[in-house]
Amino acid sequence: MHTTDNYWYDDPDKADIYEKSVELILACREFEAKFKTDAECIEELIKILGKANLYCRNCHSTEVRRNYGSRTLLCYACRRATSAFSGTIYDGIKKPRAWLLGHFLIGQGVEFNSNQFRIPARVAYSSALTIVKKMALIIKSDLENEVESVASNVFISVFNKRSSHTPAQHHPRAEQDEMEKSEAYLEDVEEDRFLDGEPIRPKCLDDLDEFANSLYEMLGEKNPL
């Protein structure tokens with residue numbers, strides 16, 4: 001008969017789940033110790049948005065003041081009160097603590113899902129799902145702006161492990177060849193060329209002879225003569 005510890009670590013998958021649960025608990029404890037009040041959470045969210053976000057949403061003046069722990073900006077120019085969160089991902093949020101917790105956990109590299117997040121965030125599952133999805137969109141947007149897209153065929157030389165997609169009796173790198181022959185891949189290539197503004201050669205022209213091809217290419221130039 002196994003003890004509780006042996007039970008988890010005899011099964012690698014369960015051990016991984018256990019370790020991730022511990023990471024989540026420890027990170028949440030660290031968060032609770034660091035941010036004890038909602039006012040502190042709001043201050044941190046405003047800090048995340050940056051000083052450039054502190055302007056009047058009515059007249060766009062930067063001559064504004066704000067009380068500690070408040071999201072309300074009071075404008076000296078137009079005398080209007082607007083929210084520092086207006087027009088941002090935090091626009092209209094009711095649980096600033098939950099949103100900051102999401103930021104904190106992601107920053108700590110902790111893996112979690114909506115169901116796990118709802119408990120320490122003290123929100124309903126639907127709210128937890130909304131927060132997690134919006135965080136994911138932010139990360140995706142940041143990655144698209146900062147990370148260069150590289151074609152998979154660049155890594156052919158390091159493919160050395162077979163998978164369920166590897167053709168029988170072939171090297172793992174054959175997966176790339178099979179993928180490039182697939183209709184889905186060809187459709188993606190055509191779509192990318194269309195979105196990039198690259199002229200797409202009609203398939204019906206593949207049967208033209210050399211002279212006809214040359215004529216087609218000449219007529220397709222901006223200044224053929």
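The values are calculated or read from the model by the stated rules, or taken from the named source; none is laboratory data. Source: prediction; values computed, not measured. Neighbour counts run over all protein chains shown; Cβ positions are idealised from the backbone, glycine included.
A few notes on this one:
- The set of residues in the range 80-91 that are assigned to a loop (DSSP other than H, G, I, E, B) and at negative phi comprises R80, A84, F85, S86, T88, I89, Y90, D91.
- Residue ID - modelled with the highest pLDDT, chosen from residues in the range 112-136 that are exposed (fewer than 12 other Cβ atoms within 10 Å of the Cβ) and outside any helix (DSSP H, G or I): A124
- In the range 67-79, the residues that are part of a strand (DSSP E or B) form Cβ pairs under 6 Å with partners that are of a type in the set (S, T, Y), at six or more places apart or across chains, as follows: L73/T82; C75/S61.
- For the range 1-25, taking the residues that are of a type in the set (S, T, Y) and part of a helix (DSSP H, G or I), the one that is modelled with the highest pLDDT is identified as S21.
- The range 26-66, residues that are in a helix (DSSP H, G or I), among the β-branched types (V, I, T) and free of Cβ contacts under 8 Å to residues at least 40 places away in the same chain: I46
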